[in-house]
Amino acid sequence: MCDQKPKLEPMPLKTSPAQPLRRPSLVCYVFLVILTLIFIAAVGFLITWLVTKPKKLHYTVENASVRNFNLTNDNHMSATFKFTIQSHNPNHRISVYYSSVEIFVKFKDQTLAFDTMEPFHQPRMNVKQIDETLIAENVAISKSNGKDLRSQTSLGKIEFEVFVKARVRFKVGIWNSSHRTAKIECSHVTVSLSQPNKSQNSSCDADI
């Protein structure tokens, strides 16, 4: 009788304990929410821009005049500046709200007169006329500016600048933009002193 070989029992395999599944942290959720909101806002802005196709606002200075002009020997100036600012909103779907409106009359780098005006709303496809009167009363000016003013007035004219600074926001349907600062510069407003009602219209550069 043959000897029987003992059966070899297989060695049991060692198994590592199951690792628990890692769940996304709260930080990941917050990041995904913020990313989604940014994406939605960007898409909304793009759609609004494509639908509205915004056009630039246009500004001009018209009917300018200077009255009661006087420049003393010690470079003190007085004058009354009258002009009309025409604001044109060519957009079909965008209206504009103006607040904190400040208007300056400047000669070169110096302010001669200053005024503020009430906030106003400009509807879509609208042209608004803003009549302004600014008074300079005994304003001290620099020696170089006094020399240039005398040179201009000897030719019977004066050239100045109208500068407007305002807080504006835009409205499209129920959507309102945030406030931004508008700077409107109307250079080379030329007025005849001998013919106060004769002036050249001046187009303006707007930075909004």
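The values are calculated or read from the model by the stated rules, or taken from the named source; none is laboratory data. Computed from a predicted model, the values in this text were never measured in an experiment. Virtual Cβ from ideal backbone geometry, glycine too; neighbours counted across all protein chains shown. Ligands, DNA and RNA are excluded from the accessible area calculation, which covers all protein heavy atoms including side chains. Shrake-Rupley method; radii C 1.70, N 1.55, O 1.52, S 1.80 Å.
Could you put LEU32, LEU193 in order of accessible surface area, largest first, with the 1.4 Å probe and the full protein assembly present?
Numbers: LEU32 95, LEU193 50 Å².
Greatest to least solvent exposure: LEU32, LEU193.
Net charge near ALA64, counting Lys/Arg +1 and Asp/Glu -1 over other residues with Cβ under 12 Å of its Cβ? Result for the neighbourhood of ALA64: -1.
For the pair LEU35 and ASP115, label points projected 7 Å from Cα toward Cβ lie 5.6 nm apart. Taking other residues whose beta carbon is less than 14 angstrom from the beta carbon of ASP207, and scoring Lys, Arg as +1 and Asp, Glu as -1, yields +3. Normalised by the number of residues in segment 65-163, the mean separation of alpha-carbon contacts (under 8 Å, six or more apart) gives a relative contact order of 34 percent. Among the listed pairs LYS55/LYS165; LYS108/LYS157; LYS128/LYS198; LYS56/LYS108, those with a Cα-Cα distance over 18 Å are LYS55/LYS165; LYS128/LYS198; LYS56/LYS108. Consider all pairwise Cα distances in segment 48-114 and report the whole-number % of them above 17 Å. Above the 17 Å cut-off, segment 48-114 has 61 percent of its Cα pairs. The candidates GLU137, GLU185, arranged from most to least accessible area with a 1.4 Å probe in the full protein assembly, appear as GLU137, GLU185.
Trypsin sites (Lys or Arg not before Pro) within segment 165-208: which are DSSP loop residues with at most 15 other Cβ atoms inside 10 Å?
Details: sites: LYS165, ARG167, ARG169, LYS171, ARG180, LYS183, LYS198; in loops: LYS198.
Those satisfying the criteria are LYS198.
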